[in-house]
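Engineer: After the structure tokens below, expect a handful of questions from me.
The values are calculated or read from the model by the stated rules, or taken from the named source; none is laboratory data. Remember, it's a predicted structure, so these values are computed and weren't measured experimentally. All Cβ positions, even for glycine, are placed from backbone atoms using ideal geometry, and neighbour counts span all protein chains on display.
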Amino acid sequence: MVFLIVLLFTSAPLGFSQNLPEWYIPLREAVYEQVLPADAIFPLYQNISGRVKTSFSGYDQSILLSRCEYMMGRAYLDAERKTEASVCFESGMSFARRALDARETDEAWVMLAENLSQNIAARSTNTFYVMGNGLKVSEYAEKALSLNPRNAAAQYMIAARWVFAPSPFNNIRRGIEMMTAIQTNAEMGKDDTFNVYSALGYAYIEQRKSARNRAAIEEAGNQARVWLNRSLNIYPTNKFVQSLLAQL
């Protein structure tokens, strides 16, 4: 279904980042800041992945390695290096499944969904893969919410469908309502907050395009600026948000 394009949004959150080891955070920051090229992020990814392997075992090791693969895949995807990105996302899914085998948690389901959603983006030219796997992303997100209704990343993936799907499969008003609700209904980390803010900025840009009078256009534009500037207060160098703000 066409609306599954929503799942390709490249700023998907990871949730519960406040519980991550401090030495992992630089990898996440490098990806969200979008300053360093992928080749400069790779040594950081290697170092942190190696530390995960020596510091953790079992479920904890698998879930953190899934995160590392996801982040490196994101860096490659931002650089349009889709083949390398897909390799990372496939590995990230394998680690997420290994984590689920050890312990079924909302975090493991989210990591499986996140890696799969980005792998769909990396393999977007493969219609069979996209159509065969798109519905699984929301399925996995729902499984995460059944274990923890306050998981911000899972809530985001479900709300994002209404924001980022192309017309007529989107519902911007519903998407805005759901994104707004995440802020009070979920436990949000830094990346979750950034993603919700930037999604709201994007949603208001879309609402502005369809507005039918000057007052509605100005109001939607003002709201878009508010949320995009809030997201840039978190990651000032993020090129995706900068490009959205430039549209205004």
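Engineer: Restricting region 45-76 to residues that are farther than 18 Å from A113 by Cα and of a type in the set (D, E, K, R), which is surrounded by the fewest Cβ atoms within 10 Å (Cβ to Cβ)?
Structural biologist: K53
Engineer: Given the conditions (1) over 15 Å from the mean Cα position of the chain (by Cα); (2) within 28 Å of N170 (Cβ to Cβ); (3) crowded, with 23+ Cβ neighbours inside 10 Å, which single one is not true for F95?
Structural biologist: All conditions pass for F95, except number (2).
Engineer: Kindly indicate which of A102, A141 is at pLDDT 95 or above and within 13 Å of the chain's Cα centre (by Cα).
Structural biologist: Numbers: A102 fails: within 13 Å of the chain's Cα centre (by Cα).
Going through A102, A141 in turn, just one is at pLDDT 95 or above and within 13 Å of the chain's Cα centre (by Cα): A141.
Engineer: Among (1) closer than 20 Å to A152 by Cα; (2) modelled with pLDDT of 95 or more; (3) surrounded by 17 or more Cβ atoms within 10 Å (Cβ to Cβ); (4) within 14 Å of the chain's Cα centre (by Cα), where does E29 come up short?
Structural biologist: Of everything listed in (1) closer than 20 Å to A152 by Cα; (2) modelled with pLDDT of 95 or more; (3) surrounded by 17 or more Cβ atoms within 10 Å (Cβ to Cβ); (4) within 14 Å of the chain's Cα centre (by Cα), E29 misses just condition (3).
Engineer: Does A165 satisfy the condition of being aliphatic (A, V, I, L, M) and within 19 Å of F240 (Cα to Cα)?
Structural biologist: When the stated conditions are applied, A165 passes them.
Engineer: Now for a separate question. Within region 168-201, which residues are of a type in the set (F, W, Y) and over 21 Å from L245 (Cα atoms)?
Structural biologist: Scanning region 168-201 gives a single hit, F169.
Engineer: Okay, next question. Scan region 30-47 residue by residue and report those that are touching a residue at least 12 places away in the same chain (Cβ under 8 Å) and either assigned to a helix (DSSP H, G or I) or under 14 Å from G73 (Cβ atoms) (or both).
Structural biologist: Matches in region 30-47: A30, V31, Y32, E33, A38, I41, F42, L44, Y45.
Engineer: Could you pull out the residue among L248, L244 that is over 29 Å from A108 (Cα atoms) and not in a helix (DSSP H, G or I)? Please lay out each step first, then the result.
Structural biologist: Details: L244 fails: not in a helix (DSSP H, G or I).
Testing whether each residue is over 29 Å from A108 (Cα atoms) and not in a helix (DSSP H, G or I) leaves just L248.
Engineer: Quick one: F9 ticks every box in (1) at pLDDT 95 or above; (2) buried (at least 17 other Cβ atoms within 10 Å of the Cβ); (3) of a type outside the set (V, I, T) except a single one, so which number is it?
Structural biologist: Just one mismatch for F9, condition (1).
Engineer: Continuing with the same structure: I need the helices (runs of 4 or more DSSP H) fully contained in region 85-194, keeping only those with at least 1 residues that are without any contact (Cβ under 8 Å) to a residue 40 or more places away in the chain and in contact with a strand residue (DSSP E or B) (Cβ under 7 Å, 6 or more places away or on another chain).
Structural biologist: 127-147
Engineer: May I pose another question? May I ask you to say which residue of A79, A85 is aliphatic (A, V, I, L, M), closer than 21 Å to Y32 by Cα and surrounded by 24 or more Cβ atoms within 10 Å (Cβ to Cβ)? Don't jump to the end; show me each part of the working.
Structural biologist: Details: A79 fails: surrounded by 24 or more Cβ atoms within 10 Å (Cβ to Cβ).
Only one candidate qualifies: A85.
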